[in-house]
Amino acid sequence: MILILHPNVDKKSDSYRLLLQHLEALPDIQVRVHDEHGTEQTLTELYLVGNTLALSEDDMSSLPCVERVVRISEEYRILGRHADEQRPSAFEYNGVKFGQDTLNVFAGLCAVDTPEHVEQMMRALQENGQVCTRMGAYKPRTNPYSFQGHGKDCLPWVFELAGQYGIRVIAMEITHESHVDEINNALEKTGRPTGVLLQIGTRNTQNFELLKSVGRQKVHPVLLKRGFGITLEESLNAAEYLASEGNHKVIFGLRGMKTNMGDPHRNFIDFAHVPVVKRLTRMPVCIDPSHSVGSRDRAPDGLLDVMHVTAQGVIAGANMVLADFHPAPEKALVDGPQALLLSELKPFLDDIAIAREAYLKRCARAREG
Ligand code: PEP
Ligand code: MN
């Protein structure tokens, strides 16, 4: 059960103290306090965990400071949709809005290699009006002898270049909690020229200790990729780990499932789950067409498979697109075969705009009944 308190509740007031005293005295109930700091107000939510079936909604609603009460099902307690449509499903980070109604494109390098390539990528993004990108510094690799990413050494110059080219958010995978400290130190040292969306990759979807530690920090939002060999429910529960530790700013990423049933694509495309995740949870949903398709193969109609599946995800309501690009894919240190060229950025964005417009028209049509 969630008790949503009046906005900007004073935690030092007698009524707040009385409320907590009352709740803590309830048998078999634990109380967790969550604060959402918005631009205009702070919203405090109290999560009651335990034998909440014994509690009456009317009794809880009449307690001091309580604005309304939401009874939630066992699953996805925080990120789930439940019966209450008034709870926000959007957040803002470094001036960029993320929600189930918005669409943000994160085109960029799978792995940071040279300052020249990073700069060429960022210049192309700026020329195309983009303020988000992807840049991998820590790469989880199948083979221990493969390039593992430049790690913390590249962060200062990547962040500085991002600032120069107006990039507001970089999606960056982390594979260990110490990477968050390294990112924070580099941001601090460079004067915070940009923001970082912490990405947890498919190989770490159920790394529960990593999820818990990233969930405890509330500075950066998190993009959690779906596990490539587990059920959707298991991956959504992994997202809930982040939220249960305090960080509600979670984006859920679909990136295809590992099975040869998807051949010749690298993974079996699962973008039909975009509306499903939006129905079950309040998370914005990301699609990763690059790691799903894994190649630059082109259909006879002239469109790359990567563009076809991107359109499929966007027309189904995706809120974020994560896509590999590279100024010279043959020189890329990771995933060159699936990278799009900088000259393909504009056609890619145009194609996304066509699919987005079609999605919005479909929604308008559905509202007409
Ligand atoms: C990536 O985005 O670079 C990546 C490794 O993705 P995934 O975790 O989906 O394989
Ligand atoms: Mn990759």
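The values are calculated or read from the model by the stated rules, or taken from the named source; none is laboratory data. Quick caveat, the model's predicted, so the values are computed rather than measured. No Cβ is skipped: glycine too gets one built from the backbone with ideal geometry, and neighbour counts run over all protein chains shown. With ligands, DNA and RNA removed, areas are computed over all heavy atoms of the protein, side chains included. Shrake-Rupley method; radii C 1.70, N 1.55, O 1.52, S 1.80 Å.
A few points about this structure:
- Answer residue from segment 25-56, given it is acidic (Asp, Glu) and in contact (Cβ under 8 Å) with a residue 24 or more places away in the chain and is farthest from residue 246 (Cα to Cα) among those: 28
- Residue check, residue 125 open to solvent by less than 20 Å² (accessible area, probe 1.4 Å), assigned by TED's automatic domain parsing to the domain that holds residue 182, within 16 Å of ligand 1 (Cβ to nearest atom) and of a type in the set (A, V, I, L, M, F, W, C): no
- Counted residues, segment 126-144 - those being within 16 Å of ligand 2 (Cβ to nearest atom) and part of a loop (DSSP other than H, G, I, E, B): 8
- When segment 322-332 is filtered for residues that are within 12 Å of ligand 1 (Cβ to nearest atom) and over 22 Å from the mean Cα position of the chain (by Cα), only 332 remains.
- Test result for residue 313, within 16 Å of ligand 1 (Cβ to nearest atom), assigned by TED's automatic domain parsing to the domain that holds residue 170, on the phi > 0 side of the Ramachandran plot and not β-branched (Val, Ile, Thr): no
- Condition met for residue 265 (within 16 Å of ligand 1 (Cβ to nearest atom) and within 18 Å of the chain's Cα centre (by Cα)): no
- For segment 250-261, a tally of residues being open to solvent by 10 Å² or more (accessible area, probe 1.4 Å) and more than 19 Å from residue 207 (Cβ to Cβ) returns 3.
- Qualifying residue in segment 261-281 (condition: part of a loop (DSSP other than H, G, I, E, B) and farther than 27 Å from residue 341 by Cα): no
- Strands (runs of 3 or more DSSP E) contained entirely in segment 71-115, each with at least 3 residues that are within 16 Å of ligand 2 (Cβ to nearest atom): 104-108
- Flag: residue 175 does not match the condition of being assigned to a loop (DSSP other than H, G, I, E, B), over 26 Å from residue 244 (Cβ atoms) and within 16 Å of ligand 2 (Cβ to nearest atom).
- Whichever residue in segment 200-244 is surrounded by 17 or more Cβ atoms within 10 Å (Cβ to Cβ) and of a type in the set (D, E, K, R) and, among such residues, is farthest from ligand 1 (Cβ to nearest atom): 240
- Which listed residue, of 291, 265, 179, is open to solvent by 10 Å² or more (accessible area, probe 1.4 Å) and farther than 24 Å from residue 306 by Cβ: 179
- When 167, 200, 183 are screened for being under 16 Å from the mean Cα position of the chain (by Cα) and modelled with pLDDT of 95 or more, only 200 passes.
- Test set (1) closer than 27 Å to residue 222 by Cα; (2) in a helix (DSSP H, G or I); (3) open to solvent by 10 Å² or more (accessible area, probe 1.4 Å) - residue 361 fails condition number: (1)
- Single residue of segment 329-346 satisfying the filter (in contact (Cβ under 8 Å) with a residue 12 or more places away in the chain and away from ligand 2 (no atom under 16 Å from the Cβ)) that is least open to solvent (accessible area, probe 1.4 Å): 345
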